[in-house]
1. Is there any pair with a first residue in the stretch A:317-333 that is within 11 Å of chain B (Cβ to nearest Cβ) and a second that is in a loop (DSSP other than H, G, I, E, B) whose Cβ atoms are under 6 Å apart and which are 6 or more apart or on different chains, and what are they?
2. Being open to solvent by 10 Å² or more (accessible area, probe 1.4 Å) and either in a helix (DSSP H, G or I) or over 23 Å from A:ARG121 (Cα atoms) (or both) is the filter here; which residues of the stretch A:177-198 pass it?
3. So how many residues does the stretch A:266-288 have that are assigned to a strand (DSSP E or B) and touching a residue at least 60 places away in the same chain (Cβ under 8 Å)?
4. Within the stretch B:63-83, can you find the residues that are buried (at least 18 other Cβ atoms within 10 Å of the Cβ) and of a type outside the set (Gly, Ala, Ser)?
5. If you scan the stretch A:342-360, which residues turn out to be assigned to a loop (DSSP other than H, G, I, E, B) and more than 9 Å from chain B (Cβ to nearest Cβ)?
6. Would you confirm whether any residue within the stretch A:415-427 is of a type in the set (D, E, K, R), touching a strand residue (DSSP E or B) at 6+ places or on another chain (Cβ under 6 Å), touching a residue at least 24 places away in the same chain (Cβ under 8 Å) and farther than 28 Å from A:GLU302 by Cα?
7. When only residues in the stretch A:13-48 that are out of contact with any Ser or Thr (no Cβ under 6 Å at 6 or more places or on another chain) and among the basic types (Lys, Arg) count, which is nearest to the other protein chains (Cβ to nearest Cβ)?
8. If the requirement is being of a type in the set (Val, Ile, Thr), open to solvent by less than 10 Å² (accessible area, probe 1.4 Å) and either within 14 Å of chain B (Cβ to nearest Cβ) or not in a helix (DSSP H, G or I) (or both), which of these qualifies: A:ILE413, A:ILE385?
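The values are calculated or read from the model by the stated rules, or taken from the named source; none is laboratory data. No experiment lies behind these values; they were computed from the predicted model shown. In this analysis, Cβ positions are derived from the backbone assuming ideal geometry, glycine residues included, and neighbour counts consider all displayed protein chains. We work out accessible area using only protein heavy atoms, side chains counted, and drop any ligands, DNA or RNA first. Shrake-Rupley method; radii C 1.70, N 1.55, O 1.52, S 1.80 Å.
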Amino acid sequence: MEYVVEMQNIRKAFPGIVANDNITFNLKKGEIHALLGENGAGKSTLMSILFGLIQPDSGVIKIRGKEVKISNPNVANDLGIGMVHQHFKLVHNFTITENIILGLEPKKAKLFVDIKSAAQRIKEVSEKYGLNVDPYAKIEDISVGMQQRVEILKMLYRNAEILIFDEPTAVLTPQEITELMKIMKNLVSEGKSIILITHKLKEIKAVADRCTVIRRGKYIGTVNVASTDEAEMARMMVGREISFKVDKKPQEKGDVILSVENLNVLSNKKVLGLKNFSLSVHRGEILGVAGVEGNGQAELVEAITGLRRVESGKIFLNGTDITNLPIKKRIRSGIAHIPEDRQKRGLVLDYSIEDNMVLEIYDTPPYSKNGILNPAAIRKHAEKIIESFDVRSGKGPEAIARSLSGGNQQKAIIGREIELDPDILIAVQPTRGLDVGSIEYIHKRLVEQRDAGKAVLLVSLELDEIMNLSDRIAIVNNGELIGIVNASETDENEIGLMMAGLRKGERA
Amino acid sequence: MSNLENKPNNQEMEGLTETGKIKKVRIKGNRNLVVSLLAILFGLIAGAIYMLAIGKNPITGYYFILSGGLKNLERIGNTLATATPLIFTGLSAAFAFRTGLFNIGAPGQMLMGGLCSTALALTLNLPQYLFLPVILLGSMLSGALWAIVPGFLKAKFNVHEVVSGIMLNWTAYWIVYYIIPTYFKAEYLETESAMIPANASLKVGWLSSLFQGSFINLGLFVAIVAVVLIAFILDKTVLGYELKSVGYNRHAAEYAGISVNKNIILSMMIAGALSGLAGAAFYVGYASNMQIGVMPSQGFDGIAVSLLGNNTPYGVLGAAIFFGLLHSGKGFMNAMTKIPPEIADTIIATIIYFSATSIFIERMLDALKRRKRGAK
């Protein structure tokens, strides 16, 4: 079997961290080869080296047996290497065709862009691989799944033979994921070779032929996916046994901590996003909120945390009315919030990690006194969070938040919020984008909060997560509470129907 | 460069995000100083080319700019006096930039500060040790009040501070145009105020005679205190932490319970107070009375000073003194060599271009470093 890509003994160090330490990675022609590793293990660095975005300190890269030096992405393109980035690089008010030909527009009479022939070719390629896109549709009008197919087409249009997919399923719905896997299989059967960067074991099991695992910048091994199970790959990735099941003590339900009564809240579109909503959360429980995205979860969370005004209704925390309390007072009285959008809400990206770790408490002792900050206390606080939540960065507390990988940013936020020791922790999508090791750890910490007699309000789009962690599950649809069920007495099917808006008893 | 590279804190870190993109994170420090110095160097080289293009010798040109600004104590004093208002407006712009605002309203705030100082100086009569603090406070207060307007409009109605700032510049201009001739007219001229009495002027005898009769005035010392104070506020205080959070990411600040609106207004007020002080330093310090019908260019130059100083207080101090040197030396160059003084302004403009596009210089440094490594 010939190798199309051989990366041998690649080493790349950044200040304070060796991102790739003597890594070897070989891609056979016509295979789907998964690259598996935790957040910050060095997957992205290795692929950025292959795509010419960064230069290795040492090591050899061979493409189709020939040694090459990939000094920038143009060289990679010429070698037939294409990359689908996790965040798409598309011009939103351009058509699909315009986006694909951007940079190498075919010309008519040397002056005019020949859209027609380009669109024709795109149509042909699209049909060949079953991508099913309309060349004249505008990006802003098409779904995320189709935008990704446009990115794939962009590579194919440039005759790429080696395709790198960087966490392609992170932004897709379950149906779109199935669709993408079919497309990937089509591509391989047409002779392309695929590198799949991911930390989702299920997907590797579903499509990949081989899997290379790296951990903390080091090469761990390459396995045949067919003859390896998920637990084994998880162990290679994390370096210890992983349990997929959450250990929970029997619940000791206490008093009501948080209750919302007849809440009406406007959404961004100025219509009621939350309608006459009532709910209470008790000490010692994890209350999961299940629902399809955009059915009132954001409005509920923002109303409780104070980020959104309440039209009518009341919110009580430990019996006190907090409906009109400013945000800071709510935090002080025991609400912590892991926000859905970590980069928009959760972090000041241009601040260092240590400055971010005191975002809510910088104005209290010991972090400041008489209006003067106390850097030593701030540093100590940050080091504690970094240590206990395993936040990895090149320079520890001094690292700028922007330079951390997404997973480490998320761990830092979660650490900060749990360190606030809140009565109620509102966790929105707390494990999005994290690897199994981190997910296991975060879940453990959430359960610890519950066991300590605190409460957790868990909002997640991952049904597995909700079912695993929650004691009770509240199902929302179109801004209304459809019902609350005990996690131990329900199944995915029941919840799925309720998520679609069917109340108990309405089903025949 | 090589000794800079050994200090980890001054290096640039290339962190990888999950997206696989390379993000460059600049960590403040000597690297930025190098970039600013290179911008100046390129500006000076460009200036030499301009001088060559009009058939003059750049070496003599630069020689006379330097000697015009530094030849003797009087000229050094004048350089510092020219720099003083620039330190204030530079600080004003830098403070606003650091907190996410663009204070293009500095000229208006400076005019209001100057008008208030002039009015106080010509109305009250106090002993000097009381008079000067009163005037300085008055200028700060009026600059701050003037800046509340764009701050409030931004906080409450999301009106961009550049739009309201420019409008307020002209509002201030015409207010001065009306008030000075009406209430504080000079003895003969309609277009300027009466002379500032000696006990109300920031120019004091001992300092002037120390610098052989130069324009230098107490404003310089106030400016240096302001630099230290603003650096302290930005880096070491709760207030600075809040202001910068709002500037960097107002959504995250809001999430953490920091009042975004309060901090926008407060930030504009502090920036306004600094520009107000620039007004005092210029109209009752550098000058001896206030003229009407002039929009003070120092207000806009503050933006350039801040840019070259990398929006840091100490950077502003250095950049302002450098601009002060060019400004005060250009007349001498013109007198001695017939090179038009506008060349100096062109050099300043070129330097601003280079510092505004500092990313080019950084790329160049990176490329140099890489080539050096490759050669090893």
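1. Every condition considered, the pairs that remain are A:ILE327/A:GLY306; A:ILE327/B:GLY257; A:LYS328/B:GLY257; A:ARG330/A:GLY306; A:ARG330/A:ILE322; A:ILE331/A:GLU360; A:ILE331/B:GLY257.
2. A:ILE177, A:THR178, A:GLU179, A:MET181, A:LYS182, A:LYS185, A:ASN186, A:VAL188, A:SER189
3. 13
4. Across the stretch B:63-83, the qualifying residues are B:PHE64, B:ILE65, B:ARG75, B:ILE76, B:ASN78, B:THR79, B:LEU80, B:THR82.
5. A:MET357
6. no
7. A:LYS43
8. Every option except A:ILE413 fails the conditions.
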